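The values are calculated or read from the model by the stated rules, or taken from the named source; none is laboratory data. Being a predicted model, the structure only gives us computed values, none of them experimental. Note that we place each Cβ from the backbone using ideal geometry, even for glycine, and neighbour counts take in every protein chain shown. Surface accessibility is based on the protein's heavy atoms, side chains included, excluding ligands, DNA and RNA. Shrake-Rupley method; radii C 1.70, N 1.55, O 1.52, S 1.80 Å.
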Amino acid sequence: MVNSVLRAITILEFLGHQKGSNVTEISKALELPKSTTHQILATLESENVIVKDRHNRYHLGLRLFELGSMAQVDLEIRRMAAPFLKTLNAELDETVHLTVLEGNEVLYVDCLESSKRLRTYSVLGVRAPLYCTSVGKAILAFLPAEEQQAILEVTVLEKFTENTITDKAYLLDELRTIVQRGYAVDNMEHEEGLRCVGAPIRNHAGRVFAAISVSGPSQRITLGNISEIGKVVMVQAENISAQLGYRQR
């Protein structure tokens, strides 16, 4: 364990039960060296995790609220999506993933694996690029133009396989195609021998913020059956969106 991290957590928990405390009070209450306490507080303050008032007393900051809200969203989408992931997994018997947009990447937050011996395994808690995963492209394609452009401007199109798209003009063409057909394909772009089909999930306001996918070996998810799989994935993505309050106009 990292002692400085544990001490930072202890300080945050202490501040959560106080209306405000200064360095001396925190140091004394937690039996920490004053210099160590000051360093940890300064670091947390620089990241807006805590704030210092005009009396030099520390309070929990809005950054914690933002992080807590993000965690709540992840938990809520997992709960809402669970029955539809189960249906999709049962219908196709391929591995199903649920992801959410986190910055310029996708975060895998839930998974149901295929029952087949040759299958895609869970990658829960893992982050992946937007441009070369089906879930990432499904989200990226439906983001507002300004947000999409801002992400692409800072994204380096690293080559993972021979199929990885590394040309931004070509990627933009593909994103337009995704919008037209409603689902995205990772044609062995992130990992050799693995194809994935993803579709976007919208919140009650219509914003795409998450996606689900079906993934499996290329000999089972073929270029010939991708279209049919895409339609099945889209149905469940739309069901999840409806469960979240989205109503198509």
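Structure notes:
- Karplus (6.51, -1.76, 1.60) ³J(HN,Hα), θ = phi - 60°, over the stretch 189-196, in Hz, Gly and Pro reported as x: 8, 9, 8, 4, x, 10, 10, 9
- At least 30 Å along the helix axis (C-alpha) and Kyte average at least 0.0, DSSP helices within the chain: 62-92
- Largest to smallest accessible area among 204, 97, 17 [probe 1.4 Å]: 17, 204, 97
- Listed by chain and number, the lysines whose C-alpha is less than 26 Å from the C-alpha of residue 28, apart from same-chain residues fewer than 8 away, are 19, 52.
- Between the entries (1) 54; (2) 47; (3) 38, the label attached to percent of Cα pairs over 24 Å apart calculated for this structure is (1).
- Accessible area (Å², 1.4 Å probe, nearest 10) - residue 111: 20 Å²
- Selected from 217, 33, 144 as most flexible by GNM, with the chain as the system and alpha-carbon contacts under 10 Å: 33
- The residues of the chain expose, per residue, 54 Å² of accessible area to a 1.4 Å probe.
- Per-residue [θ]222 nm for the chain (sum of -39500 (n - 2.57) over DSSP H runs n ≥ 4, rounded to 500): -15500 deg cm²/dmol
- Of all accessible heavy-atom area on the stretch 175-229, the percent that carbon and sulfur account for (1.4 Å): 50 percent
- Our summary of shape: the Cα atoms of the stretch 173-248 have principal axis extents of 37, 24, 19 Å, ordered from largest down, in whole angstrom.
- The trypsin sites (Lys or Arg not before Pro) of the stretch 164-214 meeting both criteria, a DSSP state outside H, G, I, E and B (loop) and at most 16 other C-beta atoms within 10 angstrom of the site's C-beta, are 207.
- Projecting the Cα atoms of 128, 169, 85 onto the charge dipole of the chain, computed from C-beta unit charges around the Cα centre, puts 85 farthest toward the positive end.
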